[in-house]
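For reference, the structure is listed below as structure tokens.
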Amino acid sequence: MSNKRIVSPSMLSADFGHLERDTKMIDRSRAEWVHIDVIDGVFVPNISFGFPVLKAITSATEKFMDVHLMIVEPEKYVGRFADAGADLVTFHWEATEDVEGCINLIREKGVKVGVSIKPKTPVSVLEDILPKIDLVLIMSVEPGFGGQSFIEGSTEKVAELRAMIERKGLDVMIEIDGGVSRHNARELYEAGCDALVAGSAVFKAADPEAEIVAILEA
Ligand code: DX5
Ligand code: ZN
């Protein structure tokens, strides 16, 4: 099965003083998705932004809204994120006692369902839920901050998950997040990723649109 090649620039690395400008850049670019990191200060030691910022971004682009929730008890909020314009709502497997309940709440809203795992969580925890979801987001850094280095071994996790998906004959996408750049993009697509999140690699580049193309064509 051939995987897709999607780049999802992470707005966590955008310039919040020029949110509209940075969102319009993604809108013009060859990135198909926009990655939105919602961080609550409890699940991870940082705080990002919530609904008003998500709405501002959504109103400035037609692109697919890829929302990554790093929050505890995501079941309390997944529905509101779908209502606020998310096309995909991804929550963390480690953040809830009720993974299946969360999946159902997102599904009921008619948007795509993603589940994310932290670097130390093995892909085997996803075995039973894979048939119920659209995407797995593999964290290749500890969640919470942009600009960290890619954790070795994450590529092997992608390959292991891709093999598990194929063994089960499923159609589940794989996305990876953290420390992604043009330098490791090719090995990640080849290992089985469909979507690569890139924050600092895109927004710290002299020419962010060209950087998106470089990641896509790596
Ligand atoms: C980190 C976030 C990432 C972050 C990635 O917890 O989930 O999406 O923005 O940033 P880079 O690409 O700089 O590692
Ligand atoms: Zn993210």
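Percent relative contact order of segment 126-208, based on C-alpha pairs within less than 8 angstrom and at least six residues apart?
34
What are the semi-axes of the equivalent ellipsoid for segment 6-216, taken as the square roots of 5 times the Cα gyration tensor eigenvalues, largest first, in whole Å?
24, 21, 15
Treating only the Cα positions of segment 70-171 as identical point scatterers, give the base-10 log of I(q)/I(0) from the Debye formula at each q in 0.11, 0.17 Å⁻¹.
Taken in order of the listed q values, log10 I(q)/I(0) reads -0.33, -0.79.
Taking R0 as 25 Å, what FRET efficiency do you get between GLU97 and GLN148 from their Cβ-Cβ distance, rounded to the nearest 0.05?
After rounding to 0.05, the efficiency reads 0.35.
Tell me the mean residue ellipticity at 222 nm calculated for the chain from its helices only (DSSP H runs of n ≥ 4, each -39500 (n - 2.57), averaged over every residue, nearest 500).
Result for the chain, helices only: -9000 deg cm²/dmol.
Can you list which of the DSSP-assigned H helices in the chain have a Cα extent of 30 Å or more along the long axis and an average Kyte-Doolittle score of at least -1.0?
None clear 30 Å together with a mean of -1.0.
Might you report the magnitude of the Cβ-based charge dipole of segment 6-216 about its Cα centre, with Lys and Arg at +1 and Asp and Glu at -1, to the nearest 20 debye?
Roughly 280 debye for segment 6-216.
Dipole of the chain (Lys/Arg Cβ +1, Asp/Glu Cβ -1, origin at the Cα centre): which of ILE215, ALA82, MET25 lies farthest to the positive side?
MET25
Here, each number is a calculation from the coordinates, and none is a lab measurement. Remember, predicted model here, so these are calculated numbers, not experimental data. Because the Cβ atoms are built from the backbone with ideal geometry, glycine has one as well, and the counts that use them run over all protein chains shown.
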